[in-house]
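See structure below.
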Amino acid sequence: MNKNTKSQGSFITFRSLILALFLIGINSYWLIQAELVRYSGHPTCISLFFNVVCIISVLVLVNAIFKQVYSKLALRQEELLAIYCMLCVSSFIAGHDLMQVLIPQLSHAFWFATPENEWEVFHKYMPSWLTVSDKTALEGLYESKSKIYIPTYIEYMKKWAPVILTWSAFLTVIVFVMYCINVILRKQWMDNEKLSYPVARLPMELISDGGNLSFFRKKTVLIGLGIAVFLNLLNGFAFLYPSIPSIPIKQRNIGYLFASEPWNAVGWFPISFYPFVIGLGFLIPVDLSFSCWFFYLFYKGTLVLGRATGLARGAIQLHPNEQMLGAYLGVLVIAAWRYKHYLTDVLITAFRQNKKMDENEPMSYRSALIGTVVG
């Protein structure tokens, strides 16, 4: 982004907002079909959402046509950026680890309750304003028995509306707290440490000139796209017509190769050669790329070591999830220690209202701290 962006116009315009809202519906439907219905791809499990990149790529191509035919309708660079950000946030909400997990939590305990599993025992502990217990209102969700009659629809909404509004408010607070934390840490990340944010390079390159297709004119880009498209088309035809040879790039479990003790402790051991993952590997720093595969093999090694030494047999496990949580907490403590002087300056600015440090922030540090604590 150049320094004159503010003078060119607002990031969020009426037309960019309307277009983003329209694309959010398409994007969310795509995610539900890919991750929940077909259970494949899982775009939101990787930091660079390829579903959003695909939509923005198509939008840039269409925008380039408008620039040639009727330039007034063409979107500016900052408008494309606003649409990209809104699609990313909507992907986070509708994605695999949030909405697709949250919605079943609201009703599973009631819909699948049977005399055999005795789930009715704990129904009384589930608040009515956080869950939907009426099985009639759940038919549309689990059996696709949608009834378009207005009275029936109103009855459904009486059951769902309070729960949806409550959880929507909760999610809104979560996003707001994340926004406040980003305001507090932005200066440290961008100005002091000068982090490069390599994952953001691809979308920024796509919209760098407002969609003049300069990105798609690069030979390396065309070669990379050509290889990826060829592999996907070939494997797609091979799936439809088994006589056509395929190039295996999808996830394959090689755990069966480790059949003897203690090596069979590795369990599920997937290996794949997805072009988009390889491309992401070139974007991130070398030390981070190294840690991704090294510590995965290190984790598998601990499983083998635990089996060999007898520390992990039967019901006794090495608790990998707890180890990962400990690693997250360790990173948090180290980061807080490294940022102690910066965070001290933030607190001084917030309580003494020193405007010099947070004058370029979207909100004051005092407001951000209050928003974080209250949220």
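For the range 180-196, residues that are basic (K, R) and open to solvent by less than 50 Å² (accessible area, probe 1.4 Å) total 0.
Each residue in the range 46-60 was checked for being surrounded by 13 or more Cβ atoms within 10 Å (Cβ to Cβ) and assigned to a helix (DSSP H, G or I), and 10 of them qualify. For the range 1-33, what are the residues that are among the small types (G, A, S) and modelled with pLDDT of 90 or more? Answer for the range 1-33, where residues must be among the small types (G, A, S) and modelled with pLDDT of 90 or more: S16, A20, G25, S28. Among the residues examined, F269 qualifies as surrounded by 14 or more Cβ atoms within 10 Å (Cβ to Cβ) and touching a strand residue (DSSP E or B) at 6+ places or on another chain (Cβ under 7 Å). Applying the set (1) open to solvent by 40 Å² or more (accessible area, probe 1.4 Å); (2) within 31 Å of the chain's Cα centre (by Cα); (3) at negative phi to L138 leaves exactly one unmet item: (1).
Looking at V177, V199, V277, just one residue is modelled with pLDDT under 85, touching a Ser or Thr at 6+ places or on another chain (Cβ under 8 Å) and open to solvent by less than 90 Å² (accessible area, probe 1.4 Å), and that residue is V199.
Report, by residue number, each residue of the range 61-110 that is outside any loop (DSSP other than H, G, I, E, B) and touching a His at 6+ places or on another chain (Cβ under 9 Å). A109, F110 - these are the residues of the range 61-110 that are outside any loop (DSSP other than H, G, I, E, B) and touching a His at 6+ places or on another chain (Cβ under 9 Å).
Within the range 31-45, if we keep just the residues that are outside any helix (DSSP H, G or I) and of a type outside the set (S, T, Y), the residue that is farthest from C88 (Cα to Cα) turns out to be R38.
Sub-9 Å Cβ pairs linking a first residue in the range 331-350 that is β-branched (V, I, T) to a second residue that is assigned to a helix (DSSP H, G or I) and open to solvent by 80 Å² or more (accessible area, probe 1.4 Å), at least 6 apart or interchain, are T349/K355; T349/K356; T349/R366, ordered by first then second residue. Looking across the range 142-159, just one residue is under 19 Å from W111 (Cα atoms), modelled with pLDDT under 80, surrounded by fewer than 11 Cβ atoms within 10 Å (Cβ to Cβ) and not small (G, A, S), and that is K145.
The set of residues in the range 19-42 that are surrounded by 12 or more Cβ atoms within 10 Å (Cβ to Cβ), without any contact (Cβ under 8 Å) to a residue 12 or more places away in the chain and polar (S, T, N, Q) contains only Q33. Considered as a group, the residues in the range 332-375 that are more than 27 Å from F11 (Cβ to Cβ) and not in a helix (DSSP H, G or I) include one that is most open to solvent (accessible area, probe 1.4 Å), and that residue is Q353. Can you say whether I227 is within 30 Å of F273 (Cβ to Cβ), exposed (fewer than 13 other Cβ atoms within 10 Å of the Cβ) and in contact (Cβ under 8 Å) with a residue 40 or more places away in the chain, as far as the supplied structure shows? Yes, satisfied.
What about F290, is it under 27 Å from the mean Cα position of the chain (by Cα) and either surrounded by 13 or more Cβ atoms within 10 Å (Cβ to Cβ) or in a helix (DSSP H, G or I) (or both)? The answer is yes for F290. In the range 150-158, is there at least one residue being in a loop (DSSP other than H, G, I, E, B) and of a type in the set (S, T, N, Q)? The answer is no, given that none of the residues of the range 150-158 is in a loop (DSSP other than H, G, I, E, B) and of a type in the set (S, T, N, Q).
Residues in the range 202-215 that are surrounded by 16 or more Cβ atoms within 10 Å (Cβ to Cβ) and within 27 Å of S272 (Cβ to Cβ): L202, P203, L206, F215.
The set of residues in the range 226-261 being part of a loop (DSSP other than H, G, I, E, B) and either under 26 Å from the mean Cα position of the chain (by Cα) or within 24 Å of C54 (Cα to Cα) (or both) consists of I247, P248, I249, K250, Q251.
It is to be established whether one or more residues within the range 111-126 are touching a residue at least 12 places away in the same chain (Cβ under 8 Å), more than 30 Å from V62 (Cβ to Cβ), open to solvent by less than 70 Å² (accessible area, probe 1.4 Å) and in a helix (DSSP H, G or I). Yes, because at least one residue in the range 111-126 is touching a residue at least 12 places away in the same chain (Cβ under 8 Å), more than 30 Å from V62 (Cβ to Cβ), open to solvent by less than 70 Å² (accessible area, probe 1.4 Å) and in a helix (DSSP H, G or I). Checking the stated criteria, S28 turns out not to satisfy the condition of being touching a helix residue (DSSP H, G or I) at 6+ places or on another chain (Cβ under 7 Å) and in a loop (DSSP other than H, G, I, E, B). If you check Q100, Q105 for being open to solvent by 50 Å² or more (accessible area, probe 1.4 Å) and either polar (S, T, N, Q) or modelled with pLDDT of 90 or more (or both), only one passes: Q105.
The values are calculated or read from the model by the stated rules, or taken from the named source; none is laboratory data. Keep in mind the model is a prediction, meaning the values are calculated, not measured. Don't worry about glycine lacking a Cβ; one is built from the backbone with ideal geometry, like all the others, and counts go over all protein chains shown. Keep in mind that these areas ignore ligands, DNA and RNA; they rest on the heavy atoms of the full protein, side chains included. Shrake-Rupley method; radii C 1.70, N 1.55, O 1.52, S 1.80 Å.
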